[in-house]
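One structure below.
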Amino acid sequence: MVERAQLEAFRLANNELSRMVKAELAAFFASLNLDRPEATRDALLAFVPLLVDQYGAVAGTMAAEFYEEMRAASGATGRFTVMAAAGVPTEAVEAKVRYAAGHLWTPEPAAALAPLLGATDKYVKQPGRNTIAENADREGVRYARVPTGAKTCSWCLILASRDAVYKSKRSAGGDGHRYHGDCNCQVVRIAKQSDYPEGYLPDDHYAKYEHARKTAGSGNIKDIAAALRRDFPDLVNDGVHTH
């Protein structure tokens with residue numbers, strides 16, 4: 001079993017990587033002349049994909065090392081070469097830059113920075129998440145989505161409630177491998193029961209999911225997440241207090 005302290009150290013390392021890349025992006029954005037929206041957009045299109053690729057490669061390497069730690073903690077034997085996953089495609093990053101750049105032609109052009117910072121966090125962490133998921137698939141073991149940090153959001157809690165059902169991106173489904181900016185969920189290799197990290201209680205998460213689903217009266221994950229925010233406002237970081 002990977003120790004909770006190891007998982008927390010991995011989370012903090014990823015968050016520090018995110019802090020660094022967002023600081024670099026914010027500094028670059030501050031250097032741009034927002035009175036020239038087309039030039040600013042083009043500068044971001046040239047800069048952001050390179051930034052994501054550079055830091056994403058570091059995230060992939062860190063995840064590969066963490067995967068080795070998880071294998072060792074699990075007592076895995078036999079030779080297995082851990083491979084870092086590819087980064088987010090440049091086209092996807094450019095599409096997000098173009099979308100956020102729409103703010104540059106409004107009275108508040110600086111509003112373009114916030115969505116770029118959120119997307120950059122997600123894109124930089126994605127190679128690390130993919131590294132663990134893809135190596136688990138190659139190794140023939142499962143993986144779980146484990147919330148870390150003080151609290152997680154309702155969406156992530158629902159996905160974490162699925163337990164170690166993920167064996168590949170395909171089995172995770174469309175929602176199972178989606179993340180958002182500033183998400184602290186970690187992908188954890190689960191080969192046997194003893195690999196579950198301390199504090200990861202998918203049965204408890206699932207009971208709350210079932211309660212929220214009943215409240216929502218719907219099988220739609222967005223409706224269930226909205227109900228969960230109301231039913232358990234103190235459990236999640238996007239809780240809604242109705243009284």
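Among V82, P37, S194, which residue has its Cα furthest toward the positive end of the charge dipole of the chain, with +1 on Lys/Arg Cβ and -1 on Asp/Glu Cβ? Result: S194.
What FRET efficiency, computed as 1/(1 + (r/R0)^6) with R0 = 25 Å and r the Cβ-Cβ distance, is obtained for A46 and E16, rounded to the nearest 0.05? That gives a FRET efficiency of 0.45.
As a quick test, which of the pairs K122/K151; K22/K122; K151/K208; K22/K96; K22/K125; K192/K222 have an alpha carbon distance above 22 angstrom in this structure?
Details: K122/K151 18 Å; K22/K122 11 Å; K151/K208 15 Å; K22/K96 15 Å; K22/K125 12 Å; K192/K222 31 Å.
Pairs exceeding the cut-off: K192/K222.
Over segment 4-231, the ratio between the Cα radius of gyration and 2.2 N^0.38 Å evaluates to 1.10. Around the Cα centre of the chain, unit charges on the Cβ atoms of Lys, Arg, Asp and Glu (plus for the first two, minus for the last two) sum to a dipole of about 560 debye. Each label point was placed 7 Å from the Cα along the Cα-to-Cβ direction; for F80 and L235 their separation is 3.2 nm.
Rounded to the nearest 0.05, what FRET efficiency do K192 and A39 have when you use their Cβ-Cβ distance and R0 = 45 Å? The calculated FRET efficiency here is 0.20. Fully extending the segment from A92 to A23 would add 22.7 nm, taking 0.36 nm per residue of separation and subtracting the current Cα-Cα distance.
Applying 0.36 nm per residue to the separation of A73 and A57 and subtracting their alpha-carbon distance, the gain on full extension is 3.3 nm.
Read-outs throughout are calculated quantities, based only on the coordinates presented, and are distinct from any laboratory measurement. Source: prediction; values computed, not measured. Glycine gets a Cβ as well: all are built from the backbone with ideal geometry, and neighbour counts include every protein chain shown.
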